[in-house]
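Please see the structure below; I have some questions.
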Amino acid sequence: MKGQMDTQFGKILIDEDVIATYAGSVAVECFGIVGMAAVNMKDGLVKLLKRDYLSHGINVTIAEENKITLDFHVIVSYGVSISTVSDNLIETVKYKVEEFTGMQIEKINIYVEGVRVID
């Protein structure tokens, strides 16, 4: 389902991929996030996605009344507090995506798929 807003001039439709790409670019700027992860369901392997494919690590669901649910599959830096990184990610993404879309974030789920040592 696409996000929809009505204006005096007509409707604005926002595709889920647009929201996923924007949310992914916001997420990788957060402290402790190395990148988005793609999980191969067949063999369970996790792969770090390049910047061009950030939206593949995010699932966006838009429910009734334009309420957004985001599922992030992330890889975090070694040695950071996952709880702190997750809280920062949630706050930052919630603020920026709501500001960007004009829609409300209902829920953000974070799945830590791996840890990377950064040189």
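The values are calculated or read from the model by the stated rules, or taken from the named source; none is laboratory data. What you see is a predicted model; the values in this text were computed from it and never measured. When we count neighbours, we look across all protein chains shown, and the Cβ atoms used for this are built from the backbone with ideal geometry, even at glycine.
Residues of the stretch 1-52 being more than 20 Å from K96 (Cβ to Cβ), within 15 Å of the chain's Cα centre (by Cα) and at pLDDT 65 or above, which ones?
Result: A37, A38.
Which residues, counting only those in the stretch 50-95, are of a type outside the set (S, T, Y), under 20 Å from L13 (Cβ atoms) and surrounded by 14 or more Cβ atoms within 10 Å (Cβ to Cβ)?
If the condition is that a residue be of a type outside the set (S, T, Y), under 20 Å from L13 (Cβ atoms) and surrounded by 14 or more Cβ atoms within 10 Å (Cβ to Cβ), then I58, N59, V60, I62, N66, K67, I68, L70 are the ones that fit.
Continuing with this model, one more query. Only residues that are within 21 Å of K67 (Cβ to Cβ), at pLDDT 95 or above and touching a strand residue (DSSP E or B) at 6+ places or on another chain (Cβ under 8 Å): list them for the stretch 83-103, please.
Scanning the stretch 83-103 gives S86, L89, I90, V93, K94, V97, E98.
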